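A quick write-up on the structure given underneath.
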Amino acid sequence: MNFAELGGAGMTSARTRARLVDRLKQQGIRDARVLSVMGEVPRHVFVDEAISHKAYDDTALPIGFGQTISQPYIVAQMTELALGAAKHEKVLEIGTGCGYQTVVLTQLFKTVYSIERIGGLSRGARELLSRLGIYNVRLRHGDGSKGMAEQAPFDVIIMTAAAPIPPENLLEQLALGGRLIFPVGTDEQELRLIEHTEAGFVETRLEKVKFVPLLPGLA
Ligand code: SAH
């Protein structure tokens, strides 16, 4: 996929993305596929023009409706974990937001399903994805905590909003060899990985993180 012509920032943003990739390497991201995609996806088109100069900083940024675009390092890390799944056919993302993580996933998985509870964000992401010419994605305005049973099983399920307790019901939608990657907690949050193995579900606790909360119902 060539995103180069979008967004008007041209070479400047290509150079800035190269610096982002260097920083991700220093932070411990190793997977060449992840680094390559992060070096291509134009993060600046996902944020308001007024803050687009900050688009490649390693921070979360506001995207309206009180929500944020995740920090690049966290997007890279979750994507690297996702690629550890046995198959890369179907991934479900909970919390589309502006669609940045969604686009990263579309470059590495056959089909991406993504659910967002805020209508305005879901519509914005839909427009942006079509502008970027991305078609291997199905967006839904809905409550992601139930998952998407009719499309299950998924090779990967990624939650980009934090729940106070691990989301039991999503495990039923995880394929054998599949991976669930999710932040858990309220004030103190931690990233976790659950792998669906022949022997059952195996949970690994990863690092401290800070995500917006998973909320019920539609907005
Ligand atoms: N994936 C985004 C991160 C967006 S922030 C990125 O690439 O930057 C997390 C998003 O989860 C917010 O937009 C929020 O509205 C959404 N969210 C919170 N609870 C949800 C739920 N129950 N179902 C679907 N989306 C939810």
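The values are calculated or read from the model by the stated rules, or taken from the named source; none is laboratory data. Predicted model only: the values in this text are computed from it and were never measured. Because the Cβ atoms are built from the backbone with ideal geometry, glycine has one as well, and the counts that use them run over all protein chains shown. Note: accessible area is taken over every heavy atom of the protein model, side chains too, but ligands, DNA and RNA are not part of it. Shrake-Rupley method; radii C 1.70, N 1.55, O 1.52, S 1.80 Å.
Scan segment 31-58 residue by residue and report those that are of a type in the set (Asp, Glu) and surrounded by 15 or more Cβ atoms within 10 Å (Cβ to Cβ). Scanning segment 31-58 gives Asp31, Glu40, Asp57. Restricting attention to segment 107-125, the residues being without any contact (Cβ under 8 Å) to a residue 40 or more places away in the chain, of a type in the set (Val, Ile, Thr) and open to solvent by 10 Å² or more (accessible area, probe 1.4 Å) number 1.
Among the residues of segment 1-30 satisfying the criterion of being open to solvent by 90 Å² or more (accessible area, probe 1.4 Å) and not polar (S, T, N, Q), which is modelled with the lowest pLDDT? Residue satisfying both the conditions and the ranking: Glu5.
Within segment 59-102, the set of residues being hydroxyl-bearing (Ser, Thr, Tyr) and open to solvent by 40 Å² or more (accessible area, probe 1.4 Å) comprises Thr59, Thr68.
Looking at the structure I just gave you, is Lys110 away from the ligand (no atom under 14 Å from the Cβ) and either farther than 21 Å from Leu193 by Cα or at pLDDT below 95 (or both)? Before the answer, list the steps.
Numbers: away from the ligand (no atom under 14 Å from the Cβ): yes; either farther than 21 Å from Leu193 by Cα or at pLDDT below 95 (or both): yes.
Spelling it out, Lys110 is indeed away from the ligand (no atom under 14 Å from the Cβ) and either farther than 21 Å from Leu193 by Cα or at pLDDT below 95 (or both).
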